[in-house]
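> I'd like to ask some things about the structure below.
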Amino acid sequence: SFPTNPVTTWAQPLRFLRILLSSLISRNKNALTFVLPLGGNSPAGVLGQVSGMLELADQIRAGDIPVLDAIYVPVASSCTLSGMIIGVALARSFGLRAFSSP
């Protein structure tokens, strides 16, 4: 698991901007500060969704949760959708039967 650090959001704009700028110009390579782009529309965002779908497929395979009939998500940049589609395709290619219906 990841170490827990305080989370700062746009709800505190000045604090957020200070932390954002300091993390971008920091020379400390051991700092545990991560900057996530708004909306998550990035390669890391897509990979996060891929990972989530593989985890979901594994939980279904293990019988921890039932097979899903549908998954509903809001769509804006389609980053979430792209990652989910890739995750389902990978789950199928790995032989996980969680997403066997079209």
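> Would you pick out the residues in region 69-87 that are open to solvent by 70 Å² or more (accessible area, probe 1.4 Å) and among the hydrophobic types (A, V, I, L, M, F, W, C)?
Filtering region 69-87 down to residues open to solvent by 70 Å² or more (accessible area, probe 1.4 Å) leaves 69, 71-72, 74-76, 85-86.
Of everything in region 69-87, those that are open to solvent by 70 Å² or more (accessible area, probe 1.4 Å) and among the hydrophobic types (A, V, I, L, M, F, W, C) turn out to be 71, 75, 76, 85, 86.
> Can you name every residue in region 61-94 that is out of contact with any Phe, Trp or Tyr (no Cβ under 8 Å at 6 or more places or on another chain) and β-branched (Val, Ile, Thr)?
Those that are out of contact with any Phe, Trp or Tyr (no Cβ under 8 Å at 6 or more places or on another chain) and β-branched (Val, Ile, Thr): 65, 67, 71, 73, 75, 80, 85, 86.
> Can I ask one more? Out of (1) exposed (fewer than 12 other Cβ atoms within 10 Å of the Cβ); (2) assigned to a helix (DSSP H, G or I), the odd one out for residue 90 is which?
(1)
> Give the number of residues within region 69-80 that are touching a residue at least 12 places away in the same chain (Cβ under 8 Å) and either of a type outside the set (A, V, I, L, M, F, W, C) or under 17 Å from residue 54 (Cα atoms) (or both). Outline the logic, then answer.
So in region 69-80, the residues touching a residue at least 12 places away in the same chain (Cβ under 8 Å) come out as 71, 76-77, 79-80.
With the extra rule that they be either of a type outside the set (A, V, I, L, M, F, W, C) or under 17 Å from residue 54 (Cα atoms) (or both), the set shrinks to 71, 77, 79-80.
The qualifying residues number 4.
The values are calculated or read from the model by the stated rules, or taken from the named source; none is laboratory data. A quick note: this is a predicted structure, and the numbers were derived from the prediction, not measured. Glycine gets a Cβ as well: all are built from the backbone with ideal geometry, and neighbour counts include every protein chain shown. For the accessible areas, the whole protein counts, side chains as well, though only heavy atoms, and no ligand, DNA or RNA atoms are used. Shrake-Rupley method; radii C 1.70, N 1.55, O 1.52, S 1.80 Å.
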